[in-house]
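The values are calculated or read from the model by the stated rules, or taken from the named source; none is laboratory data. Just so we're clear, the structure is a prediction, and the values are computed from it rather than from any experiment. A quick note on method: Cβ atoms are made from the backbone with ideal geometry, for glycine too, and the neighbour counts reach across all protein chains shown. Note: areas computed on protein heavy atoms with side chains; ligands, DNA, RNA excluded. Shrake-Rupley method; radii C 1.70, N 1.55, O 1.52, S 1.80 Å.
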Amino acid sequence: LHSGRKYFQVRNYPARYIVNNSLRIQQEMKRASLFARFLALCIDWAILSMLSTFVFISILAGYIFGAGGSFLNNVLSNSGLLLKMFFLFSIFVVIFYFTYLNMEGRSTAGKSIFKIKVLKSDGTELGLLRSLSRFIMYILSASFFFTGFIMAFFFKGNTLHDILTNTRVVEEEL
């Protein structure tokens, strides 16, 4: 058994030792508080909102300065295209932000501020597929009146997307 870079490495040991060591490491990982997770999420969404606003203004400015005197006619006739470009870019940025920045020991800006990170339940770092599936389950957690997030109050701090992807949000070691 070989797991993540920072938390533990076990090789050529009896199975009993591996199980006991794995349980010990899981207990040593201190779960991040729900309050810290919530504030980190608020910071992340604020950053993404500012970025999306900047991109929208940039796209709109491109239409304004590219209109060549027929600004109103150009913007109104291409408003559908403008919104599609903005929507597709926003989706790409959100997927990238929450997938790439949560894998391989990285953290989003909000999580970095609060010194928390996402790991697998055994203490190893997330790979691309686990991080992407966590993001997809994150959308499921937000659906149906945020029921997946409310579950954290009843399941020892685990949200629906944490349970489904076998991950934990923990405090970083100092």
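Condition test on residue 86, is it at pLDDT below 85, open to solvent by less than 90 Å² (accessible area, probe 1.4 Å) and touching an Asp or Glu at 6+ places or on another chain (Cβ under 9 Å)? Spell out how you get there, then give the answer.
Numbers: at pLDDT below 85: yes; open to solvent by less than 90 Å² (accessible area, probe 1.4 Å): yes; touching an Asp or Glu at 6+ places or on another chain (Cβ under 9 Å): no.
Spelling it out, it is not the case that residue 86 is at pLDDT below 85, open to solvent by less than 90 Å² (accessible area, probe 1.4 Å) and touching an Asp or Glu at 6+ places or on another chain (Cβ under 9 Å).
Considering only the stretch 135-165, state which residues are in contact (Cβ under 8 Å) with a residue 40 or more places away in the chain and open to solvent by 40 Å² or more (accessible area, probe 1.4 Å). Write out each step before concluding.
At the first step, the residues of the stretch 135-165 found to be in contact (Cβ under 8 Å) with a residue 40 or more places away in the chain are 135, 138, 152-153, 156-157.
Those that are in contact (Cβ under 8 Å) with a residue 40 or more places away in the chain and open to solvent by 40 Å² or more (accessible area, probe 1.4 Å): 153, 156.
Are there any pairs, at least 6 apart or on different chains, whose C-beta atoms fall under 7 Å, with the first in the stretch 99-110 and under 15 Å from residue 167 (Cα atoms) and of a type in the set (Ser, Thr, Tyr) and the second open to solvent by 10 Å² or more (accessible area, probe 1.4 Å) and part of a helix (DSSP H, G or I), and if so, which?
Close Cβ pairs (under 7 Å, with a partner that is open to solvent by 10 Å² or more (accessible area, probe 1.4 Å) and part of a helix (DSSP H, G or I)) amount to 99/132; 99/135.
Residue 169 is checked against (1) in a helix (DSSP H, G or I); (2) under 12 Å from the mean Cα position of the chain (by Cα); (3) surrounded by 15 or more Cβ atoms within 10 Å (Cβ to Cβ) and fails just one. What number does that condition carry?
It fails just one condition, (1).
Identify, from the list 145, 149, 155, the residue that is under 15 Å from the mean Cα position of the chain (by Cα), modelled with pLDDT under 95 and either among the aromatic types (Phe, Trp, Tyr) or in a strand (DSSP E or B) (or both). Give the derivation first.
Values: 145 fails: under 15 Å from the mean Cα position of the chain (by Cα); 155 fails: under 15 Å from the mean Cα position of the chain (by Cα).
From the options 145, 149, 155, the qualifying one is 149.
Would you call residue 132 modelled with pLDDT of 90 or more and either within 24 Å of residue 35 (Cα to Cα) or open to solvent by less than 70 Å² (accessible area, probe 1.4 Å) (or both)?
Numbers: modelled with pLDDT of 90 or more: yes; either within 24 Å of residue 35 (Cα to Cα) or open to solvent by less than 70 Å² (accessible area, probe 1.4 Å) (or both): yes.
Against the criterion (modelled with pLDDT of 90 or more and either within 24 Å of residue 35 (Cα to Cα) or open to solvent by less than 70 Å² (accessible area, probe 1.4 Å) (or both)), residue 132 qualifies.
Can you spot a residue in the stretch 101-119 that is farther than 22 Å from residue 48 by Cβ and open to solvent by 10 Å² or more (accessible area, probe 1.4 Å)? Explain how you work it out, then say what you get.
Of all residues in the stretch 101-119, those farther than 22 Å from residue 48 by Cβ come to 119.
Cutting the leftovers down to open to solvent by 10 Å² or more (accessible area, probe 1.4 Å) gives us none.
Looking through the stretch 101-119, none of the residues is farther than 22 Å from residue 48 by Cβ and open to solvent by 10 Å² or more (accessible area, probe 1.4 Å).
Return the residues of the stretch 31-49 that are open to solvent by 70 Å² or more (accessible area, probe 1.4 Å) and closer than 16 Å to residue 101 by Cβ; say none if nothing qualifies.
Kept after step one, since they are open to solvent by 70 Å² or more (accessible area, probe 1.4 Å), are these residues of the stretch 31-49: 31, 35, 38, 45.
Hit for the stretch 31-49 is 45, nothing else.
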